[in-house]
1. Taking 25 Å as R0, compute the FRET efficiency from the Cβ-Cβ separation of MET122 and GLU204 and round it to 0.05.
2. From the phi angles alone, apply the Karplus equation (6.51, -1.76, 1.60; θ = phi - 60°) to the range 272-278 and give each ³J(HN,Hα) in whole Hz, x where the residue is Gly or Pro.
3. Report the label-to-label distance for LEU143 and PHE263 in nanometres (one decimal), using points 7 Å from each Cα along the Cα→Cβ vector.
4. What is the magnitude of the charge dipole of the chain about its Cα centre, with +1 placed on the Cβ of each Lys and Arg, -1 on the Cβ of each Asp and Glu, and no other charges, expressed in debye to the nearest 20?
5. Once both labels are modelled 7 Å past Cα along the beta-carbon direction, what's the GLU238-GLU83 spacing in nm?
6. As I understand it, the dipole of the range 85-240 uses +1 on the Cβ of Lys and Arg and -1 on the Cβ of Asp and Glu, about the Cα centre. Which of ALA227, THR189, VAL150 lies farthest toward its positive end?
7. For the range 197-263, rounded, prolate or oblate, judged on the Cα gyration tensor with a ≥ b ≥ c (square roots of eigenvalues), a/c < 1.5 rounded, else prolate if a/b > b/c?
8. Any lysines with Cα under 27 Å of the LYS103 Cα? List them, leaving off those in the same chain fewer than 8 positions away.
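Just so you know, all these numbers are worked out from the coordinates, no wet-lab data involved. Not measured: the values here are computed from a predicted model. Cβ placement follows ideal geometry from the backbone for every residue including glycine, while neighbour counts extend to all protein chains displayed.
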Amino acid sequence: HRLRRQKENTFIIIRDDRGGIIQSVFRSEKASHLTVESSIEVDGLLQKDPRAPEGGYEIKGNNLKTFNLAQPNYPIGEYQSTELLLDNRHLALRTRRMIAIAKVRASITKFARQWLIENDWMEVTAPVIVKSAVEGGSTLFKLGYFGEDVYLSQSAQLYLEAMIFCLGPVWSLTPSFRAEKSRTVRHLTEFLHLEVEAPWVSLEDILRVQEQLVSFIVQNVTNERFAELNQLKRNVTELKNIQAPFDRIPYEKAIEILQTKGFRIEENGNSRSIKWGDDLNVDSERELTKHYTNPVFVVGYPIQLKAFYVKEDRESLGRGLSADMLAPKGFGEITSGGLREDDIVSLTKRLEEQGLNPATYDWYLDLRRYGSVPHGGFGMGIERLMRWLTDIEDIKDTVLFPRTVSRVVP
Ligand code: 4AD
Ligand code: MG
């Protein structure tokens with residue numbers, strides 16, 4: 001991992017396969033050929049030494065065997081530009097920061113799975129090659145498929161909906177794809193998507209599943225990855241206090257709060273006060289959540305702001321039975337979910353209103369033709385959750401090999 005040469009002794013900082021670090025000391029002539037990132041096997045005497053940089057132990061080296069002598073021009077050093085590190089992510093993975101990030105990420109998916117399995121949700125997978133949009137046509141990736149146009153899936157939701165009629169509560173953890181042209185710190189073109197769907201639920205049921213799942217993940221990841229989170233300079237005390245239930249803010253209340261704070265939005269070069277019907281952008285989400293420590297739900301967005309499948313609140317027309325979970329302190333949306341329109345007439349109307357061709361959704365409409373039930377679910381972006389849990393601003397650093405509009409290598 002590092003080499004420190006002195007006249008008589010050479011200190012070799014060895015990194016093991018899981019990122020553990022220990023110092024070894026060899027007579028300099030035995031290590032004179034070594035370069036950083038060479039792979040070696042050493043034997044020696046393990047000695048307690050409070051001066052050793054990691055863990056208070058060091059290996060007083062005896063024999064050293066070299067498997068691969070690394071070329072001396074290792075591109076990753078101590079102070080390097082973000083771009084260079086991204087260009088060399090296949091090697092930058094070996095930095096202590098990226099190792100910590102990978103471990104937190106592994107714990108997040110582990111505890112998400114654990115909660116779902118323990119609560120009797122069934123794991124399923126949906127196809128990634130699909131014929132239709134779930135989240136609007138503008139972010140679809142088109143593929144050539146034996147002379148036919150097909151797309152990369154934006155969400156497994158429609159397929160999970162097909163499964164709940166015979167498999168009950170289901171979940172999947174699969175990549176989703178969005179042709180996002182904008183470069184932002186919270187959008188990837190490929191992200192890991194945890195999606196959950198269940199029959200016979202109310203909106204409140206869906207919110208409860210989310211807050212329990214997220215609290216469980218946060219508590220367990222904080223315990224298991226305490227050292228890594230500290231290393232990433234995350235305020236861990238703040239995370240330890242995260243607890244269900246999370247506040248529910250009705251959409252119109254959110255707008256009111258923003259109005260009282262004098263929140264304005266830019267529209268065609270003009271600035272105006274935020275009003276009912278406006279979507280919540282990054283800035284408004286930050287404004288709403290900056291004083292919270294728990295995540296919050298914004299509930300009941302105007303239906304026209306949401307996808308075609310969102311069920312309209314029959315008691316309050318114009319409002320969707322949907323909610324977004326916003327992470328505190330401005331990290332913004334981490335989940336979207338709610339109830340699905342189960343009436344075929346309303347669903348077909350909504351498809352048409354959004355300029356989508358109902359014929360493309362014929363199989364999906366069958367799920368309303370043949371024995372539909374009230375149902376709902378949500379989707380959570382793993383990298384969005386990572387950003388918040390690690391306090392890492394740029395989403396590119398929450399995934400090992402990020403995909404964005406300008407990056408597909410390595
Ligand atoms: O809000 P979205 O678009 O909702 C859906 O896809 C629903 N069909 C999910 C469902 O109900 N089954 O995406 C869900 C979540 C977002 O809240 C966000 O966390 C994440 O996926 N997400 C992204 N993460 C990274 N980069 C992107 N471009 C993302 N787009 C969505
Ligand atoms: Mg959303």
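1. On the way: r = 22 Å, r/R0 = 0.89.
It comes out at approximately 0.65.
2. Using θ = phi - 60°, the values come out as 9, 5, 5, 9, 3, x, 6 Hz.
3. It is 3.8 nm.
4. Working: 54 positive and 57 negative charges, 350 e Å.
Computed about the Cα centre, the dipole is about 1680 debye.
5. Each label point lies 7 Å from its Cα, and together they span 3.1 nm.
6. ALA227
7. Details: a/c = 3.61, a/b = 1.31, b/c = 2.75.
Here the range 197-263 falls in the oblate category.
8. LYS233, LYS240, LYS329, LYS396
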